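Asker: Dropping a structure here in structure tokens format, bear with me for questions.
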Amino acid sequence: MPTYTINVNGNDHELEAEADMPLLWALRDTLGLIGTKFGCGIAQCGACTVHLNGAPMRSCSLPVSAVGKQAVRTIEGLAGDQGLHALQEAWIEQDVAQCGYCQAGQIMSAAALLARNAKPTDDDIDAAMAGNYCRCGTYNRIRSAIQSAAGNRQAQWVNAAPEIQS
Amino acid sequence: MSDLFESVRRAIAKQQNGQANGGIDRRSFVKLAGIGGSGLLLAAMAPKVLSATDGSPAEDTLLVSAELNAFVKIATDGKITIYSSNAEMGQGIKTALPMVIAEELGAKWEDVVVVQSPIDEARFGRHGAGGSTTVNRTFDQMRTMGASAREMFIGAGALVMEVPREELTAANSRVTHVSGQFRTFAQLATLAAQQEVPDPDALVFKERQDYTIIGSAVSGVDNLAITSGLALFGIDTRVPDMLYAAYHKCPAIGGRVVSANIDEIKRLPGVVDAFVVKGNGDVRELLDGIAIVGTNTHAVFSAKRKLKVKWDESQASKDSWSAMAARAQSLKGRRGSEEGLVKGDVDSVFADKNNTTLEAFYEYPFVAHLCMEPMNCTGHYRKAGSKANPGTKDELELWIPTQAPTRAYGPAKSLFGLEPEQIKVHQMRLGGSFGRRVYNEYVCEVTEISKRMEAPVKLTWTREDDIHHDFFRVGGFQSVKGSVDNKGKLVAFENHHMGMQTNGKPVVGSGFRPVEFPLQNIDNALVTHTMFDIATPCGPWRAPQSNTNAFVVQSFLDELAHASKRDYAKFLLEILGEPRWFEPGNIRSLNTGRAADVINLAVEKSGWGRAMPKGSGLGLAFFFSHAAHVAEVAHVSVDKNKKLRVHKVTVAVDVGPIINMSGATSQVEGAVIDGLSTMMAQKITMEKGRIQQSNFHDYTVLRMPAAPKVDIHFIQSDHAPTGLGEPALPPLAPAIGNAIFAATGHRVRKMPLSEEGYS
Ligand code: FES
Ligand code: FES
């Protein structure tokens with residue numbers, strides 16, 4: 001079996017893998033980085049999104065042999081030395097997740113968006129996030145959390161003015 | 001946050017070194033004798049003073065000092081551990097129920113750490129979750145746990161401060177005297193655990209107006225782990241020396257293996273073993289298949305694609321959707337042979353020429369659950385006398401993302417001869433469920449594979465497996481007829497419900513019961529059934545029956561309102577009639593007063609009745625299910641290419657008091673978007689017993705740009721609280737369909753909308 005050295009979250013990892021093994025399974029099964037999720041295996045759902053040299057990439061459809069020297073970043077490596085990424089904080093603050101399974105992929109797509117467009121409009125967000133499925137339907141909170149991480153506006157979801165009747 | 005952040009970093013590092021796994025290996029609790037009946041509550045309420053050396057898990061990083069009862073532990077540093085005993089699948093139970101305990105306890109929410117409980121029904125009561133019942137079922141139990149611990153703190157406070165207990169209150173993780181002096185829970189913990197356990201019947205719960213935690217918006221307790229990529233879900237389980245497996249079953253459900261190219265598969269890279277498994281023919285347990293075991297998931301998935309299997313399909317499903325649809329067409333407008341409900345005399349009403357009478361035929365497909373986390377399970381079967389288990393009895397350890405952890409016991413006994421005490425189940429977080437993971441067949445599969453391999457094994461289904469081998473939301477057809485008199489009042493309703501049955505029993509989700517709206521509200525009603533025999537497995541799917549019946553009934557009533565030139569809101573309110581509760585005290589029965597309140601609120605908040613520009617419209621629907629009264633108004637526009645845009649859905653809900661405002665709004669937002677996702681393009685079809693869709697390219701989910709705004713309004717009535725995982729979904733489809741009619745004049749009678757040309 002061939003051996004590859006890939007750089008993940010700033011560290012080089014040497015691993016033995018079949019050339020066609022998708023990066024997703026190298027991360028999850030070989031390196032134990034289970035934060036990146038399997039959803040479809042056919043580049044449709046975005047659950048497996050990681051960054052490759054900063055760009056969002058479907059790791060289920062990228063053979064480990066094609067990674068080469070490019071830097072891989074996963075959800076585990078998103079927080080910096082200073083603490084959580086602004087998106088992670090916004091996600092917690094706004095309680096975005098329902099089941100939570102899609103959210104690592106969502107956050108990675110959003111982080112790639114903010115890295116190239118610090119002040120996205122709602123349309124920019126919709127376009128950048130259209131590749132990420134959320135079966136639980138958290139889209140509105142995702143959009144709102146990205147906006148608040150970008151400093152554009154505050155939490156939007158608390159729109160339920162509770163009406164108390166007894 | 002910085003402490004937490006550090007602990008996350010450590011956990012990630014540990015995870016990566018393969019040391020951690022999702023299982024929580026907690027000290028086994030001492031069981032009290034004489035458990036049963038009310039003893040169960042007493043067992044759960046038994047306090048204990050603990051020392052840091054009593055075998056409590058180091059991973060707690062808590063200096064455990066006292067366990068007030070099964071659900072509440074206090075550490076000397078002030079941290080309060082609250083156990084969550086039910087399955088978390090995104091419905092928010094792991095946050096909401098501990099909020100109830102914390103409220104009654106008088107804890108400060110910031111001091112609370114929520115931990116998934118071990119599986120132990122003697123201590124925690126029933127595990128599992130489903131049917132939006134958990135909140136209602138456990139609300140009082142949680143209040144009891146919180147209040148009883150609170151009373152013990154107050155007792156301890158009275159002793160320490162030497163004051164009468166009546167002069168003490170518990171709040172903010174402190175016991176405070178009227179004079180202002182106080183002791184923290186941490187200071188009192190040891191003594192509190194030595195107080196007598198209060199009589200549960202004598203406990204007084206807090207009044208609603210005094211709530212500080214219940215009703216607030218609290219972020220989910222697993223959010224840091226979720227957003228940091230920590231192991232939580234079943235599929236994240238890693239145990240030392242674990243192998244990876246795939247399992248291939250016959251695409252025609254129930255087919256048996258004749259032969260397969262096993263030798264060739266075994267030679268593929270990364271494959272450790274491959275073998276035929278003979279099942280017991282029960283789709284909920286173990287069907288025939290080929291197990292492929294390897295060193296990683298990719299190896300077994302790739303090998304699975306190279307399988308060549310000869311199947312014996314003589315006993316397999318032969319189901320055909322096109323045949324079902326054709327048969328339903330032939331029954332259209334006729335009555336079914338089985339009578340469900342006969343009330344009054346619909347025929348004379350229909351014959352009356354003064355009435356406006358309409359007939360319509362509705363169709364809805366099978367749909368899949370499509371949990372984002374495909375089915376999976378990790379298991380370790382340890383044979384007695386093996387290196388892993390020197391004991392005399394076999395052992396089975398399971399890490400299951402399941403709604404029903406104890407359901408693993410039944411087949412473990414019948415298939416493998418194991419008693420519950422030989423089995424250890426770890427409840428894992430579920431990456432979605434929607435009713436899917438009440439079945440545990442993947443547990444049987446991994447058990448069989450692990451037993452053969454004598455090693456821990458993680459079984460992961462491909463997305464294709466997940467779709468082909470679902471327990472589907474059942475499809476069906478309804479031929480409906482109704483009459484409105486010359487005063488615009490609904491006077492008769494008939495439904496020929498064409499549903500599905502297996503072995504003579506209606507499948508889950510197929511039915512039209514006599515309590516279905518509006519049958520109880522009118523004098524002339526007839527329901528007949530024709531049941532088609534199917535072999536395709538069906539199961540609960542977010543609001544079973546309701547999710548399809550709401551579409552038919554609320555669309556058809558809107559048709560009748562239009563035909564008789566009535567405003568649909570007024571028409572509905574008139575059908576509901578005087579405020580009354582059909583079965584007083586039973587929250588599962590319709591309360592027309594609560595129904596009218598949510599309809600009126602949705603009408604008011606949505607601007608119902610205003611003039612709409614050409615090509616856009618509003619649609620209203622109401623539905624009662626899962627003890628919840630919900631009304632929704634959809635605002636849509638449709639262009640000339642039938643491009644549908646759902647701008648906003650206004651939702652009015654009465655589920656009683658809301659526990660977690662954030663979780664509750666999430667459930668409603670999710671139900672609306674999920675409902676729209678399902679009605680847009682989702683349809684499972686089968687021919688020759690084979691499911692024809694396979695992955696997200698041919699079975700699509702709504703994407704972010706199409707998500708509507710969701711405007712939510714709760715009526716927090718004084719009725720008992722209940723769950724919100726399901727009931728906001730059923731009214732969505734008819735609200736959209738009715739809005740499309742308002743916008744275009746085209747009546748939607750068939751799902752999904754893509755088949756009617758909408759995109
Ligand atoms: S798993 Fe990669 S896109 Fe779905
Ligand atoms: S939160 Fe469940 S799939 Fe997105």
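Asker: Would you mind getting me the FRET efficiency between residue B:314 and residue B:452? Use the beta-carbon distance for r and R0 = 45 Å, nearest 0.05. Don't skip to the end; give the middle numbers.
Answerer: Details: r = 27 Å, r/R0 = 0.59.
Computed FRET efficiency for residue B:314 and residue B:452 comes out at 0.95.
Asker: Then there's this: From the Cα gyration tensor of the stretch B:526-631, with a ≥ b ≥ c the square roots of its eigenvalues, which class applies: rounded if a/c is under 1.5, or else prolate if a/b is larger than b/c, or else oblate? Mind dumping the intermediate values first?
Answerer: Values: a/c = 1.89, a/b = 1.33, b/c = 1.43.
In terms of gyration-tensor shape, oblate.
Asker: Relative contact order for the stretch A:3-77: what percent, with Cα pairs under 8 Å and sequence separation of 6 or more? Numbers along the way, then the final one.
Answerer: On the way: 145 pairs, mean separation 29.2, N = 75.
After rounding, I find 39 percent.
Asker: Show the residues, 5+ positions off or on another chain, whose built amide H is closer than 5 Å to the amide H of residue B:501.
Answerer: It is B:507, B:532, B:533, B:534, by chain and number.
Asker: Taking amide H positions as placed in the peptide plane 1.01 Å from N, state which residues far from residue A:97 in sequence (5 or more) or on other chains have amide H under 5 Å from it.
Answerer: none
Asker: Also: Would you mind classifying chain A by shape? Square roots of the alpha carbon gyration tensor eigenvalues, ordered a ≥ b ≥ c; an a/c under 1.5 is rounded, otherwise it is prolate if a/b is larger than b/c and oblate if not. Numbers along the way, then the final one.
Answerer: Working: a/c = 2.35, a/b = 2.00, b/c = 1.18.
Prolate shape, in that a/c is at least 1.5 and a/b is the bigger ratio.
Asker: What lysines does residue B:393 reach when the alpha-carbon gap must be under 18 Å and sequence neighbours fewer than 8 apart in one chain are set aside?
Answerer: B:383, B:413, B:424, B:451
Asker: Taking only DSSP H segments of four or more residues, each worth -39500 (n - 2.57), what value at 222 nm results for chain B once the sum is divided by all its residues, to the nearest 500 deg cm²/dmol? Numbers along the way, then the final one.
Answerer: Values: 19 runs with 216 residues, N = 759.
So the helix-based figure for chain B works out to -8500 deg cm²/dmol.
Asker: What's the center-to-center distance, using Cα atoms, between the stretch A:3-22 and the stretch B:480-555 in Å?
Answerer: Result: 56 Å between the Cα centres.
Asker: Here's something else I'd like to know. Identify all aspartates and glutamates with a Cα-Cα distance to residue A:119 below 19 Å; exclude those on the same chain that are fewer than 8 residues away in sequence.
Answerer: Those aspartates and glutamates meeting the cut-off are A:89.
Asker: Could you tell me how far the Cα centroid of the stretch B:81-115 sits from the Cα centroid of the stretch B:346-414, in Å?
Answerer: 26
Asker: May I pose another question? Across the stretch B:514-519, in residue order, what do the Karplus-derived ³J(HN,Hα) couplings come to in whole Hz, using 6.51 cos²θ - 1.76 cosθ + 1.60 with θ = phi - 60° and x for Gly and Pro?
Answerer: x, 8, 5, 5, x, 4
Asker: Quick one: what are the phi-derived ³J(HN,Hα) couplings along the stretch A:21-35, Karplus 6.51/-1.76/1.60 with θ = phi - 60°, whole Hz, x for glycine and proline?
Answerer: My calculation for the stretch A:21-35 gives 5, x, 3, 3, 7, 5, 5, 6, 8, 8, 8, x, 8, 8, x Hz in order.
Asker: Please build a GNM for chain A, connecting alpha carbons under 10 Å apart, and tell me which residue among A:21, A:108, A:129 fluctuates the most.
Answerer: Largest GNM mean-square fluctuation: A:21.
Asker: Go ahead and estimate [θ] at 222 nm for chain A from helices alone: -39,500 (n - 2.57) per DSSP H run with n ≥ 4, summed, over the residue count, rounded to 500.
Answerer: Counting only the DSSP helices, I get -7500 deg cm²/dmol.
Asker: Once phi is turned into ³J(HN,Hα) by the Karplus curve 6.51 cos²θ - 1.76 cosθ + 1.60 with θ = phi - 60°, what whole-Hz value does each residue of the stretch B:592-599 show in order, with x for glycine and proline?
Answerer: 5, x, 5, 4, 4, 4, 5, 5
Asker: Dividing the convex hull volume of the Cα atoms of the stretch B:589-703 by its residue count, what figure in Å³ per residue is obtained?
Answerer: Working: hull volume 18.4 nm³, N = 115.
Dividing the Cα hull volume of the stretch B:589-703 by its residue count gives 160 Å³.
Asker: Same structure, new question: Under 24 Å Cα to Cα from residue B:206, which lysines show up? Leave out anything in the same chain fewer than 8 places away.
Answerer: B:73, B:79, B:94, B:108
Asker: Rounded to the nearest 100 Å², what is the buried accessible area between B and A, both sides summed, probe 1.4 Å?
Answerer: Numbers: alone 30100 and 8990 Å², together 32940 Å².
Buried surface at the B/A interface: approximately 6100 Å².
Asker: Also: I need the calculated FRET efficiency for the pair residue B:122 and residue A:16, taking r as the beta carbon distance and R₀ as 56 Å, to the nearest 0.05.
Answerer: Numbers: r = 47 Å, r/R0 = 0.84.
Efficiency computed from Cβ-Cβ geometry: 0.75.
Asker: Here's another thing I want to ask about it. Can you give the FRET efficiency for residue B:358 and residue B:513, using 1/(1 + (r/R0)^6), R0 = 25 Å, r = Cβ-Cβ distance, to the nearest 0.05? Display every interim value, and only then the final one.
Answerer: Values: r = 23 Å, r/R0 = 0.91.
Computed FRET efficiency for residue B:358 and residue B:513 comes out at 0.65.
Asker: Considering only A:73, A:141, A:116, give the residue with the highest GNM mean-square fluctuation for chain A, with springs between Cα atoms whenever their separation is below 10 Å.
Answerer: Highest fluctuation among the options: A:116.
Asker: How large, in percent, is the carbon and sulfur part of the accessible surface of the protein assembly as shown at a probe radius of 1.4 Å? Don't jump to the answer; show the numbers that get you there.
Answerer: Working: 16290 of 32940 Å².
The C+S portion of the solvent-accessible surface of the protein assembly as shown is 49 percent.
Asker: To the nearest 10 degrees, how steeply does helix A:103-116 sit against the main Cα axis of chain A, on a 0 to 90 scale?
Answerer: So the inclination is approximately 90 degrees.
Asker: Let me ask another. In what order, largest first, do B:635, B:369 sit by accessible area if the probe radius is 1.4 Å?
Answerer: On the way: B:635 45, B:369 0 Å².
These residues rank, largest area first, as B:635, B:369.
Asker: Turning to a different aspect of this structure: Below 8 Å between Cα atoms, with a sequence gap of 6+, how large is the relative contact order for the stretch A:86-150 in percent? Write out the running numbers ahead of the final one.
Answerer: Details: 57 pairs, mean separation 33.3, N = 65.
Once normalised by length, the contact order is 51 percent.
Asker: For residue B:260, list long-range residues whose amide hydrogen, built 1.01 Å from N in the peptide plane, is under 5 Å from its own amide hydrogen.
Answerer: For residue B:260, the qualifying residues are B:310.
Asker: On full extension of the chain, what length is gained from residue B:709 through residue B:640, given 0.36 nm per residue of separation minus the C-alpha to C-alpha distance? Can you show the working numbers first?
Answerer: On the way: separation 69, 0.36 × 69 = 24.84 nm, distance 2.29 nm.
Here the segment from residue B:709 to residue B:640 would lengthen by 22.6 nm.
Asker: Taking 0.36 nm per residue of separation and subtracting the Cα-Cα distance, what length does fully extending residue B:604 through residue B:567 add? Please report the intermediate quantities before stating the final value.
Answerer: On the way: separation 37, 0.36 × 37 = 13.32 nm, distance 1.41 nm.
Stretched fully, the residue B:604-residue B:567 segment lengthens by 11.9 nm.
Asker: Another one. Please give the Cα centre distance for the stretch B:426-450 versus the stretch B:625-693, rounded to the nearest Å.
Answerer: Rounded to whole Å, the Cα centres lie 26 Å apart.
Asker: Extending each Cα 7 Å along its Cβ direction at residue B:179 and residue B:489, get the distance between those two points in nm, one decimal.
Answerer: According to this spin-label approximation, the distance is 7.0 nm.
The values are calculated or read from the model by the stated rules, or taken from the named source; none is laboratory data. Remember, predicted model here, so these are calculated numbers, not experimental data. Quick reminder, even Gly has a Cβ in these numbers, built from the backbone with ideal geometry, and neighbours come from all protein chains shown. Keep in mind that these areas ignore ligands, DNA and RNA; they rest on the heavy atoms of the full protein, side chains included. Shrake-Rupley method; radii C 1.70, N 1.55, O 1.52, S 1.80 Å.
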